[in-house]
Amino acid sequence: MMKAGVIQMTSSADPAHNMKTLQASLHRLSDQGVKLVLTPENALVFGGKRDYQRHAERLGHGPLQQQLAKLAHQYDLWLVVGAFPIQNDNGLLSSTSLVFDNAGHLRGSYDKLHLFDVEVADAHGRYRESDYFAAGDQLSTVNTPFGCLG
């Protein structure tokens with residue numbers, strides 16, 4: 001039977017700190033025999049517009065995606081990153097889910113279709129992903145040894 005793991009994180013705008021937290025969690029899950037790991041949205045960058053712009057990478061390129069690929073390979077597991085800021089050819093950012101296989105290859109991606117825009121009764125007051133990201137326009141699936149994800 002395949003084991004899956006879900007990581008909970010309190011991420012910040014500092015990808016280096018978040019990556020260390022992620023790596024420690026992957027190490028623990030790998031020791032437990034987990035072969036498929038899912039992270040929350042914004043696991044590596046959770047901040048404001050400038051943070052997302054500063055750390056956004058082209059799909060399949062960049063040091064953060066390289067580190068994610070290396071971790072998936074190092075721990076021999078499939079890694080689903082809930083959302084990551086991707087710089088698109090049109091100059092806009094997308095909130096993109098990434099799927100890395102256990103060899104460290106990027107096997108699929110999905111640009112979030114429904115952005116989180118809401119008014120709330122807390123200190124923040126509102127959340128508007130559409131201020132930072134452009135919505136995707138396509139569904140996506142990825143075949144894995146565990147079944148089709150998407």
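Name the strands (runs of 3 or more DSSP E) wholly within the stretch 1-118 that hold at least 3 residues that are buried (at least 16 other Cβ atoms within 10 Å of the Cβ) and either at pLDDT 95 or above or not hydroxyl-bearing (Ser, Thr, Tyr) (or both)?
36-38, 78-87, 93-100, 106-111
Residue check, residue 148 against (1) outside any strand (DSSP E or B); (2) farther than 27 Å from residue 21 by Cα, all met but one. Which one?
So residue 148 meets the others, but not (1).
Show the residue pairs that are 6+ apart or on different chains and have beta-carbon atoms under 9 Å apart, the first residue being within the stretch 1-21 and within 22 Å of residue 47 (Cβ to Cβ), the second being hydroxyl-bearing (Ser, Thr, Tyr) and loosely packed, with under 12 Cβ neighbours inside 10 Å.
21/10
Do we have any residue at all in the stretch 102-124 that's among the acidic types (Asp, Glu), closer than 24 Å to residue 37 by Cβ, touching a residue at least 12 places away in the same chain (Cβ under 8 Å) and in contact with a Phe, Trp or Tyr (Cβ under 9 Å, 6 or more places away or on another chain)?
yes
The values are calculated or read from the model by the stated rules, or taken from the named source; none is laboratory data. Everything quoted here is computed from the prediction, not taken from an experiment. Note: ideal-geometry Cβ built from the backbone for every residue, glycine included; neighbour counts use all protein chains shown.
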